[in-house]
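See below for the structure under consideration.
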């Protein structure tokens with residue numbers, strides 16, 4: 001979650017940019033999403049709002065396999081890594097508890 005808060009979540013949700021031209025009675029529009037960007041220092045990145053958002057992204061990526069959140073490039077890699085590591089860590093925790101109970 002700390003990695004997602006620090007470098008994975010964009011500062012602001014990316015918006016779509018629409019540009020177009022008008023020729024006579026025809027309108028031609030092109031809509032492209034802007035890349036998620038990270039701006040500001042650590043004081044703007046480590047907030048309760050971002051902590052809550054990072055928690056939702058981490059849980060959704062493991063439980064539902066898709067967070068549906070626009071993330072920075074590094075955030076996407078962090079999400080993929082958490083998909084691999086979190087179930088493994090939960091399984092190891094269950095085995096550790098089982099071993100303590102059996103003693």
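The values are calculated or read from the model by the stated rules, or taken from the named source; none is laboratory data. Keep in mind that this is a model prediction, so the values were computed, not measured. Cβ coordinates were reconstructed from backbone atoms using ideal geometry, including for glycine residues, and neighbour counts include every protein chain displayed.
Mind checking which residues of segment 14-41 are surrounded by 10 or more Cβ atoms within 10 Å (Cβ to Cβ), assigned to a loop (DSSP other than H, G, I, E, B) and modelled with pLDDT under 70? Result: 14, 34, 35, 36, 37.
Residue-wise test of (1) modelled with pLDDT of 80 or more; (2) exposed (fewer than 13 other Cβ atoms within 10 Å of the Cβ); (3) part of a helix (DSSP H, G or I).
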{"site": "43", "(1), (2), (3)": "no, yes, yes"}
{"site": "59", "(1), (2), (3)": "no, no, yes"}
{"site": "65", "(1), (2), (3)": "no, yes, no"}
{"site": "70", "(1), (2), (3)": "no, no, no"}
{"site": "81", "(1), (2), (3)": "yes, yes, yes"}
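Among residues of segment 87-99 that are closer than 17 Å to residue 61 by Cβ, those with a Cβ under 8 angstrom from a residue that is in a helix (DSSP H, G or I), sequence gap 6+ or separate chain, pair up as 87/62.
Just to be sure before I move on: is residue 51 in contact with a helix residue (DSSP H, G or I) (Cβ under 7 Å, 6 or more places away or on another chain) and either at pLDDT 80 or above or not in a helix (DSSP H, G or I) (or both) in the structure I sent? Criteria met by residue 51.
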